[in-house]
1. Given the options 22, 9, name the one that is under 16 Å from residue 56 (Cα atoms) and modelled with pLDDT of 90 or more.
2. Quick check on this structure: which one of 65, 40, 70, 36 is closer than 13 Å to residue 4 by Cα and in contact with a helix residue (DSSP H, G or I) (Cβ under 9 Å, 6 or more places away or on another chain)?
3. Restricting attention to region 18-54, which residues are without any contact (Cβ under 8 Å) to a residue 12 or more places away in the chain and assigned to a loop (DSSP other than H, G, I, E, B)?
4. Given (1) in contact with a strand residue (DSSP E or B) (Cβ under 7 Å, 6 or more places away or on another chain); (2) surrounded by 11 or more Cβ atoms within 10 Å (Cβ to Cβ), identify the lone condition not met by residue 14.
5. Is it the case that region 55-65 has a residue that's exposed (fewer than 11 other Cβ atoms within 10 Å of the Cβ) and touching a residue at least 24 places away in the same chain (Cβ under 8 Å)?
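The values are calculated or read from the model by the stated rules, or taken from the named source; none is laboratory data. Given the structure is predicted, the values throughout are model-derived calculations rather than measurements. Heads up, the Cβs are rebuilt from the backbone with ideal geometry, glycines too, and the neighbour counts pull from every protein chain shown.
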């Protein structure tokens, strides 16, 4: 099964707004991708002076890679 790594960068001064948005959207995201992957690392966070980096690792179900990648773009 393929592993998909996702990385996002955000301005440090937007951390509070981004945390609220994450809480609002995580249930919908998990519903859309249910059965397509297993979250190995849901959110690894690295904080720097100017930005915040988040990384996720997903173990994608066999033959579901394209469907998972399309769901990730939404």
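1. Sole residue among the options that is under 16 Å from residue 56 (Cα atoms) and modelled with pLDDT of 90 or more: 9.
2. Being closer than 13 Å to residue 4 by Cα and in contact with a helix residue (DSSP H, G or I) (Cβ under 9 Å, 6 or more places away or on another chain) holds for just one of 65, 40, 70, 36, which is 36.
3. The one that is without any contact (Cβ under 8 Å) to a residue 12 or more places away in the chain and assigned to a loop (DSSP other than H, G, I, E, B): 34.
4. Tallying (1) in contact with a strand residue (DSSP E or B) (Cβ under 7 Å, 6 or more places away or on another chain); (2) surrounded by 11 or more Cβ atoms within 10 Å (Cβ to Cβ), residue 14 fails exactly one: (1).
5. Yes.
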